[in-house]
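S.K.: One structure, as structure tokens, below. Some questions next.
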Amino acid sequence: MLIYLSFIMAVGLYLCSMFLKRGRRVGVIVFATLFVLTTVGVTANYSHHWGMKKVTTTKSQRIYSAAGKNLPINLYQPVGTSGKDNVFIYKTTPHQGKTIHTQANELTYSQAKTSTTNTAYLTTTETRWRYQNGFYKFLFIGTGMQNKLVHRTNTLYYPKGYVRLTVKQANQLKKRMTNSNQATSAIKQQMTTYVQQKIAAANTRDPQKIKQISQQAQLEFQGQLIKKLLQ
């Protein structure tokens with residue numbers, strides 16, 4: 001509202017100074033004062049976030065490998081040369097055609113960590129400016145400051161066994177898998193043996209735990225196989 005009032009005061013100041021004969025001085029003083037006050041209010045809201053507060057929200061969602069449903073790959077694309085800024089690429093459904101990536105801007109920090117679960121998920125924490133109450137929200141209608149982003153952190157959690165690869169490495173892997181005979185019965189047998197050994201080492205009869213161990217062991221075996229193909 002102040003941004004519109006500031007414009008109205010500017011118009012009123014112009015009309016008073018140009019066309020008003022009687023009471024010109026009073027009109028100019030009144031409109032000039034109001035123009036300054038409304039402009040200062042808008043400026044304070046923009047530069048010092050007057051009438052606003054920081055609100056932090058966190059949400060999590062399941063994600064899947066962008067390299068394929070059965071490939072335990074944490075796919076990313078480096079941004080710049082520092083090695084600190086990376087864009088991570090993922091899917092939100094197993095059969096999703098188009099991939100999604102984390103935001104690449106100065107207000108966003110993205111990182112990848114190893115989770116203790118057998119599923120990958122993304123946690124996003126955002127801090128945004130919001131008006132303290134309805135009065136300030138009404139006062140600053142039109143300024144575009146509501147929900148302005150302060151900072152965002154994306155943390156992608158991948159199960160143990162996932163291999164972190166750049167887009168370039170993933171393309172190399174795809175070619176080597178196409179040109180190799182890795183998908184043979186011998187490899188499948190090796191994975192079966194690896195899984196059985198992990199289950200035996202756990203020494204448990206709990207079906208749920210056996211399922212979790214089996215899933216984790218398959219991820220680890222596939223991850224080791226991917227690393228060998230890229231050597």
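S.K.: Considering amide H positions built from the backbone, and no H for Pro or chain starts, which residues 5 or more places from G68, or on another chain, come under 5 Å of its amide H?
M.R.: Under 5 Å from the amide H of G68 lies no amide H from a residue far enough along the sequence or on another chain.
S.K.: Taking θ = phi - 60°, what integer Hz values does the Karplus form 6.51 cos²θ - 1.76 cosθ + 1.60 yield along segment 41-56, in sequence order, with x for Gly and Pro?
M.R.: Along segment 41-56, the couplings run x, 5, 5, 5, 5, 6, 8, 10, 6, 4, x, 10, 9, 8, 10, 10 Hz.
S.K.: Please enumerate, by chain and number, the lysines with C-alpha under 25 Å from the C-alpha of K198, excluding those fewer than 8 residues away in the same chain.
M.R.: K69, K113, K160, K188, K209, K211, K227, K228
S.K.: Sticking with this structure for a sec: How many nm separate the modelled label positions at T116 and T93, each set 7 Å beyond the Cα in the direction of the Cβ?
M.R.: Roughly 3.2 nm, to one decimal.
S.K.: Work through the residues other than G223 whose Cβ is under 14 Å from its Cβ and net out their charges, Lys, Arg +1 and Asp, Glu -1.
M.R.: Value of the local net charge: +4.
S.K.: Provide the FRET efficiency to the nearest 0.05 for the K148-Q172 pair, computing r from the beta carbons and using R0 = 35 Å.
M.R.: 0.25
S.K.: So who's got an amide H within less than 5 Å of the one on I141, skipping anything under 5 residues away but keeping other chains? H placed 1.01 Å off N, in plane.
M.R.: L2
S.K.: Among the aspartates and glutamates, which have Cα under 12 Å from the Cα of K148 when same-chain residues fewer than 8 positions away are ignored?
M.R.: Straight-distance partners of K148: E126.
S.K.: Quick one: dipole size for the chain, taken about the Cα centre, charges +1 on Lys/Arg Cβ and -1 on Asp/Glu Cβ, in debye to the nearest 20. Before the final figure, lay out each step's value.
M.R.: Details: 31 positive and 5 negative charges, 37 e Å.
Approximately 180 debye in magnitude.
S.K.: Then there's this: For the chain, give the share of DSSP beta bridges that are antiparallel, in percent and rounded to the nearest 5; count only bridges with both residues there.
M.R.: 70 percent
Only the coordinates and a few stated rules stand behind these numbers; no lab work does. Treat the numbers as computed from the prediction; the structure is a model and nothing was measured. Glycine also receives a Cβ, built like all others from the backbone with ideal geometry; neighbour counts cover every protein chain displayed.
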